[in-house]
1. Can you tell me which residue in the range A:104-119 is surrounded by the fewest Cβ atoms within 10 Å (Cβ to Cβ), limited to those that are hydrophobic (A, V, I, L, M, F, W, C) and farther than 15 Å from A:THR60 by Cβ?
2. Take the residues of the range B:16-35 that are part of a loop (DSSP other than H, G, I, E, B) and surrounded by fewer than 19 Cβ atoms within 10 Å (Cβ to Cβ): which is nearest to the chain's Cα centre (by Cα)?
3. Would you call B:PHE435 within 8 Å of chain A (Cβ to nearest Cβ) and modelled with pLDDT of 85 or more?
4. Within the range A:149-169, track down each residue that is of a type outside the set (A, V, I, L, M, F, W, C), in a strand (DSSP E or B) and within 14 Å of another protein chain (Cβ to nearest Cβ).
5. Checking the condition at pLDDT 85 or above and of a type in the set (Asp, Glu), which residue from B:GLU474, B:GLU492 passes?
6. If I go through the range B:378-417 residue by residue, how many of them are out of contact with any Ser or Thr (no Cβ under 8 Å at 6 or more places or on another chain), assigned to a strand (DSSP E or B) and within 8 Å of chain A (Cβ to nearest Cβ)?
7. With respect to B:GLY430, is the statement that it is without any contact (Cβ under 8 Å) to a residue 12 or more places away in the chain, of a type outside the set (D, E, K, R) and either farther than 18 Å from B:THR467 by Cα or more than 10 Å from every other protein chain (Cβ to nearest Cβ) (or both) true?
8. Is it the case that the range A:120-134 has a residue that's touching a strand residue (DSSP E or B) at 6+ places or on another chain (Cβ under 8 Å), among the polar types (S, T, N, Q) and either buried (at least 23 other Cβ atoms within 10 Å of the Cβ) or assigned to a strand (DSSP E or B) (or both)?
Amino acid sequence: MSLTLLHPLPTPDPTLFPSLCEPLEEAAAAEPADAAAALAFALGRLAGPKDARPVVLVTTGLWLRERGRPFARGLAGWGLGPERLIWIRAEREAEALWALEEALKSGAVAGGLASVEAPPFVATRRLDFAARAGGALGVLLRAGPTGDLSAARRRWRIKAGPSATHDFDPAAPGRVRLNAELVRRRDGPPGAWALEQDDETGRLRLVAGLAGHGLDETDRQFAAAASAAA
Amino acid sequence: MRPTASSQPQRPPPPEGAPFVLIEKGVHGLTLHALNAEARAAGLWRGQAHADACAMLPHLVSAPAEQDRDLVALKRLALWAERFSPSVAIDTLAPGFEGLFLDMTGGAHLFGGEAALLANLRGRLARAGIPAHVAMADTPAAAWALARFSGEAERVARAGGLREALSDLPVEGLRLEAKALALLKKFGLKSIGDLYDLPRAGLARRFRGEIGFRVVERLDQALGFTPEPLDPERPAPSYRVWTPFAEPVIDMAGVGVHLPALAEALCGQLSRDGRGARRLRLTGFRVDGRVTLIEAALSAPAATPAHLIRLLREKGLEKLDLGFGIDALMLSAEKAEALDARQMEMDEAADLAPPQALAALIDRLQARLGESVVRRPSFRESWVPERSEAWTLAGPQAPAPPERDDARLRPILLFEAPEPVQTLAELPDGVPARFIWRRAARRVVKAEGPERLGAEWWALGARPQRTRDYYRVEDENGRRYWLYREGLYGREDADRAPSWWIAGVFA
């Protein structure tokens, strides 16, 4: 019997959840009702790097009327303090794309997200360049999954999932869980992950398996294989 | 042909060489408000009844006076006159004698001396179709009198020679009301010089009430014994640079060429005093005697030429209406504030940029999208969600953190106006088992609550509110909502049933 059974932590495997952000990513809600989950996922991507610079949220008038306005007290729970938030309340989509591009390339912000319906390919390409020029991360928030052309390096599809069991009250919603599907990516094969909100940091982490913290499917297969070998 | 709609109806031009008057409605019927030279030569006067004037001149052409438009035109002219002096005041004290005061203290040499300045000013006005009389004197009151009663179109009173210059002018030059003028005439005091030798106490005593005092005061103002402060139309900016053109500039490219030098010079002035601009104005002086301008506001003081230029371009140089061309361009910092000097830290040079870069970014966004578009959160000590936070105009300073940590209990999206939902509950005042929102039915799987928020009766201006019970509910698809019931069953407003609303959406 070998001792490799206790595989401690996720190894740097390309199929693990990519925690590092590409310059431009796209987070689409699997259904329009999942917009809040997609927003939370996008915030998680932006709040990721250790960076004290602010983060811009760009909304269009349409999105604002349809989905509501960002609520800073709630956003603070996702690892983005209000001192880092800047909200740009653009009316039209062209303005939103322009504002995000300006913000990303200014070098003054750590990242930005914009809610857009149908950004032209050229605009996404510009955003990609702007993000790399300014050392920032950009996330495009889409209301629904689309197959159009985009320069985003990773295209996510986010779906809200039933929350975890509450520690003390089984009738109450517990930790937020959502399913992130990586539909397209340049740096590896697509994949899907079940994520949940970490109590401490407010960021998203892999849903823990039966035994272990933050293990994903691969790790469970690994553990299963190891136990089978034993 | 269809008649075209125009916001300002065009009036046919007054006839050349014929008497022409503007009339206004007075207490005693129509009176003459303004007259051209021919009408004055025919013996008509301001304030005369229109019927009398028509009796004297049967073919008198007249049009209604529009005094508010006159004032607008005068204000426009005052802006244009800022090319000569930063301090221009509108003078409407004496009806019928409206004009402009330009404070040229220490500025005449820039235009080649006082006489050259007056010729320049009058020439430009004449080219724009405005016949004008201009005068220059040590005091505003003296200049006022000389311009109107000296009979010369351009008149410069020698410095210190006010007494001689004014002595032959009629007493009307003192800007007195009609009653005082009539009395002075009755005493045989026709020219200002006649008043010089009269004993002042006696002069003031001759008139009843305040009039006597006014005569002495006006005389002192004209001779410079009493100061007469001007009230400029716009406060003079402390920092301004301008450049005149030999030939009128008629396109944006020309403006763009001159902008960098102006910005450079302005930033030079600003940084010499350690200050930065907070509000910028680019003014173009048009050949037709009008001005065209654009303004840009900055979120933090800045004195970087590239930033100022970029901001003005963002604001849209094409918004300048050049008309037939502009012959001077002025860039001014209407508001300037001390620029915080930042010390470079040896090893953290990279960290220097963000605060300035952020201010520059906010400026650009505000210039293009509007000032109210860029916002940062600010918190109020209130539990009512709508009142507990506001998004205020962004500045480069980070806002204060919230006074309590309830982030996990609050949604990330809040509806500006809560939307009504229809609910089905097992108990009247319990958690709903189902609810319909936006025409879709949702089954509640998990719920937490209530979180009871009472009405904030102490909040000024707040509508009387009912108690709200907030619930965090999750539906069968794992989507989480923030519902609330307004009103308590049987306890508040018995005649009005409690209603259910959705306040926001959790992630």
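1. A:ALA110
2. Filtering first and then ranking leaves B:VAL27.
3. The answer is no for B:PHE435.
4. Scanning the range A:149-169 gives A:LYS159, A:GLY161, A:THR165.
5. Among B:GLU474, B:GLU492, only B:GLU474 is at pLDDT 85 or above and of a type in the set (Asp, Glu).
6. Selection size over the range B:378-417: 4.
7. Yes.
8. No, every residue in the range A:120-134 fails to be touching a strand residue (DSSP E or B) at 6+ places or on another chain (Cβ under 8 Å), among the polar types (S, T, N, Q) and either buried (at least 23 other Cβ atoms within 10 Å of the Cβ) or assigned to a strand (DSSP E or B) (or both).
The values are calculated or read from the model by the stated rules, or taken from the named source; none is laboratory data. Computed from a prediction, not measured in an experiment: that's the story for all the values here. All Cβ positions, glycine included, derive from the backbone under ideal geometry; neighbour counts span all protein chains shown.
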